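No lab work stands behind these numbers, since they all come straight from the coordinates. The shown structure was predicted, so the numbers you read here are calculated from the model rather than taken from an experiment. Cβ placement follows ideal geometry from the backbone for every residue including glycine, while neighbour counts extend to all protein chains displayed.
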Amino acid sequence: MTTILGVSCLYHDAAAAVVRDGEIVAAAQEERFTRKKHDRRYPEAAIAYCIDQIGGAEALDAVVFYEDPVLSLDRILKNAIELAPATGKTWAAAARSQLGQSLNVAERLRQILPPRAGDNVFFVDHHLSHAASAFYPSPFREAAIVVADGIGEWASTTIAAGNDRTVTPLRQIHYPHSLGLLYSAVTYHCGLKVNSGEYKLMGLAPYGEPRYADLILDRLVDLREDGSYRLDTAFFGYLDSEAATNAAFEELFGCKRRDPEAPITIDYMDIAASAQAVVEEAMFRLARRALRDAESRNLCLAGGVALNCVANGRLLQRLSNLDHIWIQPASGDAGGAVGAALELAHSQFGAARHAGVEHGRDGMRGSLLGPAFGSADIEAALKAKGLVYHRVESRATHDEAVAQALVEGLIIGRFDGPMEYGPRALGNRSILADPRRPDGQSYINQRIKFRESWRPFAPVVLADKAAEIFETEHDSPYMLLIADVRPELRRGEVDWHAFRDGTGDMMSVLNEERSTLPAITHVDYSARLQTVDAEGNPAFHRLMTAFYRLTGCPVLINTSFNVRGEPIVCTPEDAVACFINAGIDLLAIGDFLVFKHEQPEEIRRLEGTMQYEPD
């Protein structure tokens with residue numbers, strides 16, 4: 001039996017994971033413990049959690065880091081020398097990071113190991129970690145793999161082939177040419193935050209038209225039929241400054257970078273739509289080439305670009321040589337911890353693939369790999385804040401009460417079982433609501449999440465009912481695919497002519513009832529879909545079934561249990577704090593139900609008083 005700890009950190013989304021004989025035991029991001037969103041620091045708390053899940057560090061046989069710091073330093077040095085003296089400021093910051101932290105990682109990891117493990121500290125290349133995270137937990141014995149992100153050591157895009165216990169890189173594109181950096185540059189230009197606002201850009205795109213797509217393909221990126229591409233780096237700032245774009249980029253699009261607090265006008269909506277269209281086309285060509293090169297009809301995706309569920313959904317619609325797709329739910333850098341540990345387990349220690357692959361199931365355990373808490377911990381957190389609560393030990397009664405509250409229009413914070421690994425809340429750390437309420441999108445954005453009204457919400461649907469509501473034949477357990485609401489459920493169309501001839505105010509279309517499920521139907525009738533079945537998450541499935549019995553509706557709004565700028569809640573204390581601050585009507589936490597209207601006045605007055613960093 002071989003037990004391996006994987007670690008990723010020092011860029012963004014630090015994480016740790018532990019793998020035993022090819023099976024993932026536990027995984028978590030550091031941000032959930034430190035409450036600092038996208039925390040990049042060495043993940044002490046996440047490591048401690050993972051080690052606790054295996055009974056202590058004595059059980060470890062090896063530790064592995066998700067990239068090679070020496071190769072990263074090589075890129076930084078060569079970039080600094082080539083572009084000097086313009087890189088003076090950025091070189092100093094990067095050198096401090098690499099020399100002061102990254103090159104010290106080996107020693108910190110070595111200190112974790114018990115003496116019997118000797119010097120078993122390993123490093124796996126960044127993109128191999130991503131590729132391993134995509135293929136090894138997948139339900140496939142063989143598959144093509146595409147990794148696309150901002151940057152690893154040198155690679156920004158990798159095509160690989162997975163075959164049982166081997167991942168073989170086939171082709172790569174290197175820095176400074178990067179789809180991830182292209183998308184981040186547009187994110188920055190549109191006044192959104194790099195490394196967290198990219199998903200906002202994806203949600204913004206349907207409000208616009210891709211009228212700049214040809215300009216991007218003509219001037220910014222040379223995209224070829226085989227999926228290879230090159231950026232014209234003269235338009236970008238990331239090589240020699242701390243900004244993603246420069247004056248040439250602004251001149252090309254005819255507008256300055258948007259002030260983050262300014263209204264979003266038609267121009268920025270169209271730029272977002274154009275960048276989305278280009279990335280979709282690039283991913284299509286890359287995936288088509290990968291399937292051909294790997295001689296497979298199965299596709300696995302990882303890297304930050306793989307979190308673009310719109311692009312992922314388009315692959316299913318467009319690729320004639322694709323049968324099945326599987327996407328790592330922690331596709332960003334956090335997933336590198338799992339990937340590095342799995343790569344080491346299979347390549348160095350001969351571990352077998354996870355047990356589910358024999359039955360066509362993945363090995364991610366629903367991505368429910370984080371901490372869970374018992375009733376004593378939960379009750380202590382409730383008592384510590386002086387909350388009024390009810391204990392309902394019968395889960396059937398508990399689910400019926402929550403389902404009835406949803407029917408009555410209450411907003412529910414659900415905290416139950418292990419925490420999710422990756423950026424999506426999948427039911428265990430979720431805010432839930434009835435998708436049929438016409439004001440659901442704007443109400444929850446403003447009163448609950450304290451964020452922009454235009455941002456769409458994802459639906460979660462009972463898997464066996466998904467095809468009745470959405471145009472899909474595929475399961476989407478990790479909320480990483482889009483699907484359109486079926487035509488017979490739609491209600492009218494957005495008057496885009498009036499919208500574009502006017503001020504471009506999103507509120508003019510936001511509250512129109514676009515379907516019988518208006519709160520989860522985006523302006524283009526799409527939805528970022530999550531499917532739930534009794535095997536993947538039985539407790540959440542039972543709650544959804546209770547709601548379905550009461551309403552005939554197999555769908556709920558599912559958004560992450562947090563507010564703007566805050567990580568998803570981890571502990572009962574985090575959940576209680578968010579419940580008090582946000583306009584959540586009912587906290588369903590373990591065996592307990594906590595109604596906002598039953599709380600003392602001094603607690604109810606605290607709603608909306610806590611401040612968080614904008615995201």
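Assign unit charges at the C-beta atoms only (+1 for Lys and Arg, -1 for Asp and Glu), then state the dipole size of the range 375-604 relative to its Cα centre in Debye, rounded to the nearest 20.
320 debye
With the cut-off at 18 Å, report for the range 132-246 the share of all Cα pairs above it, as a whole percent.
58 percent
Rounded to whole Å and sorted largest first, what semi-axes of the equivalent ellipsoid does the C-alpha gyration tensor of the range 301-411 yield via the square root of 5 times each eigenvalue?
38, 23, 15
How large is log10 I(q)/I(0) at q = 0.08, 0.10, 0.16 Å⁻¹ when the Debye formula is applied to the Cα atoms of the range 125-332, each weighted equally and without solvent?
Normalising to I(0) and taking log10 leaves -0.25, -0.40, -0.98.
Quick check: from the Cα gyration tensor, does the range 251-343 come out rounded (a/c under 1.5), prolate or oblate?
Since a/c reaches 1.5 but b/c is at least a/b, the shape of the range 251-343 is classed as oblate.
Let me know the longest stretch in the chain that avoids all GluC sites (Glu not before Pro) found in a DSSP loop with at most 12 other C-beta atoms within 10 Å.
That gives 1-224 as the longest site-free run.
Which semi-axes, in whole Å and largest first, does the equivalent ellipsoid of the range 525-564 have when worked out from the alpha carbon gyration tensor as the square roots of 5 times its eigenvalues?
Three semi-axes, in Å: 19, 14, 12.
If you take the square roots of the eigenvalues of the alpha-carbon gyration tensor of the range 473-567 and sort them as a ≥ b ≥ c, do you get rounded (a/c under 1.5), prolate (a/b over b/c) or oblate?
prolate
Between Glu468 and Lys256, how many nm apart are label points set 7 Å from Cα along the C-beta direction?
The modelled label-to-label distance comes out at 5.4 nm.
Provide Rg and Dmax in Å for the range 375-604, with only Cα atoms included in the calculation.
That works out to 17.6, 58 Å for Rg and Dmax.
Treat the chain as a sphere of radius equal to its Kirkwood radius over Cα pairs and apply Stokes-Einstein at 4 °C in a medium of 1.567 mPa s; give the translational diffusion coefficient in µm²/s, rounded to a whole number.
Diffusion coefficient, whole number: 52 µm²/s.
Which of rounded, prolate, oblate describes the range 515-615, given a ≥ b ≥ c as roots of the alpha-carbon gyration tensor eigenvalues and a/c under 1.5 marking rounded, otherwise prolate only if a/b is larger than b/c?
prolate
Just to confirm the filter: which trypsin sites (Lys or Arg not before Pro) across the range 209-289 are DSSP coil and have at most 14 other Cβ within 10 angstrom of their Cβ?
Arg211, Arg224, Lys256
Could you tell me the distance between the Cα centroids of the range 104-175 and the range 502-573, to the nearest Å?
33 Å
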